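To start, the structure under review is shown below, and the notes come after it.
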Amino acid sequence: MAQDETDITFMRLAIGEAHRSQPSENAYCVGCVVARDGSVLSSGFSRELPGNTHAEQVALHKLNFEAQGATVYTTMEPCSKRVSGNMPCVQSCLRAGVARVVIGVMEPKTFVICEGVQLLKDAGVDVKLLQGLEADCLAPNAHLNLVFYDFDVSRAVGLLHAGRRERRKAQQDQDERLRLEKFEKAIVTYGKKFHLVKVRPVNK
């Protein structure tokens, strides 16, 4: 089986795990499968174990954080920080010796700004963002208002208004420049007519 087909197969298993998560207004529903040499070693889903546990954390905990050379399939980017005090999933992957991480979707910006992919890459882990199953990976989180943009709306609106003000100012400056040019031409014309000024060519 080609690697892409293998990745899709295991990601579908992870999606099935995600649907087992108890919905929460303060956390995502994520599924995870740990595999090696074409076989599933472990699986987990969000909050499967007590303590607001994450899917990757659960799956790797079942292996006593021993998954050297394995691939982690997770429906969402592994977290890089935890507000609960638990170990971030990136650190769980590194502690377990995971060699490769396949991700269904990047983590939305709803709760925190995640840097999981970059941290994994910096640590030498092979990271792949799987294409084609994004909607399936997000489906267990339909109850949440997912945020994917990198800026807040109020700041965006402020920048929009600032841009409009700058355009208005530029237009006013342009109008003022045209008025001054018209005035200068009138002065020159008046001066020539009554021999009040000696007109010199302007070097441009």
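The values are calculated or read from the model by the stated rules, or taken from the named source; none is laboratory data. Note that this is a predicted model, so its numbers are computed, not measured. With ideal geometry, Cβ positions are generated from the backbone for all residues, glycine too; neighbour counts draw on all protein chains shown.
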**Fill in**
Going through the range 62-87 in order, the residues found to be without any contact (Cβ under 8 Å) to a residue 24 or more places away in the chain and not basic (K, R) are N64, G85
**Prompt:** Given E48, E66, which one is farther than 23 Å from G132 by Cβ and surrounded by fewer than 16 Cβ atoms within 10 Å (Cβ to Cβ)?
**Reply:** E66
**Message:** Which condition from (1) within 21 Å of N145 (Cα to Cα); (2) surrounded by fewer than 20 Cβ atoms within 10 Å (Cβ to Cβ); (3) at pLDDT below 95 is the one that C114 breaks?
**Reply:** (2)
**Request:** Could you tell me whether the range 26-39 includes any residue that is under 22 Å from the mean Cα position of the chain (by Cα), in the same structural domain as A135 (by the TED database), surrounded by fewer than 24 Cβ atoms within 10 Å (Cβ to Cβ) and aliphatic (A, V, I, L, M)?
**Result:** yes
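State whether one or more residues within the range 8-29 are free of Cβ contacts under 8 Å to residues at least 24 places away in the same chain and polar (S, T, N, Q). Write out each step before concluding.
Our first condition is that a residue be free of Cβ contacts under 8 Å to residues at least 24 places away in the same chain; within the range 8-29, this holds for 9, 16, 24.
Adding the requirement that they be polar (S, T, N, Q) leaves 9, 24.
Among the residues of the range 8-29, at least one is free of Cβ contacts under 8 Å to residues at least 24 places away in the same chain and polar (S, T, N, Q), which makes the answer yes.
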**Request:** Could you run through the range 115-129 and say how many residues are assigned to a loop (DSSP other than H, G, I, E, B), over 9 Å from V101 (Cα atoms) and over 15 Å from the mean Cα position of the chain (by Cα)?
**Result:** 2
**Asked** When the residues of the range 90-110 are filtered to those that are hydrophobic (A, V, I, L, M, F, W, C) and more than 18 Å from G69 (Cβ to Cβ), which remaining residue is modelled with the lowest pLDDT?
**Response** M106
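Given the condition among the charged types (D, E, K, R), surrounded by fewer than 18 Cβ atoms within 10 Å (Cβ to Cβ) and assigned by the TED database to the domain that holds R47, answer yes or no: does some residue in the range 89-101 qualify? Write out each step before concluding.
Step one: of the range 89-101, the residues among the charged types (D, E, K, R) are 95, 100.
Applying the additional criterion that residues be surrounded by fewer than 18 Cβ atoms within 10 Å (Cβ to Cβ) yields 95.
Subsequent filtering for residues that are assigned by the TED database to the domain that holds R47 retains 95.
Checked the range 89-101: at least one residue is among the charged types (D, E, K, R), surrounded by fewer than 18 Cβ atoms within 10 Å (Cβ to Cβ) and assigned by the TED database to the domain that holds R47.
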**Asked** If a residue has to be within 12 Å of S21 (Cα to Cα), in a loop (DSSP other than H, G, I, E, B) and either touching a Cys at 6+ places or on another chain (Cβ under 6 Å) or not hydrophobic (A, V, I, L, M, F, W, C) (or both) to count, how many in the range 43-64 make the cut?
**Response** 6
**Request:** From (1) out of contact with any Ser or Thr (no Cβ under 9 Å at 6 or more places or on another chain); (2) small (G, A, S); (3) closer than 19 Å to Q91 by Cβ, pick out the condition that doesn't hold for A27.
**Result:** (1)
**Prompt:** Considering the range 1-57 alone, what residues qualify as being out of contact with any strand residue (DSSP E or B) (no Cβ under 8 Å at 6 or more places or on another chain) and among the hydrophobic types (A, V, I, L, M, F, W, C)?
**Reply:** M1, A2, I8, A27, L49
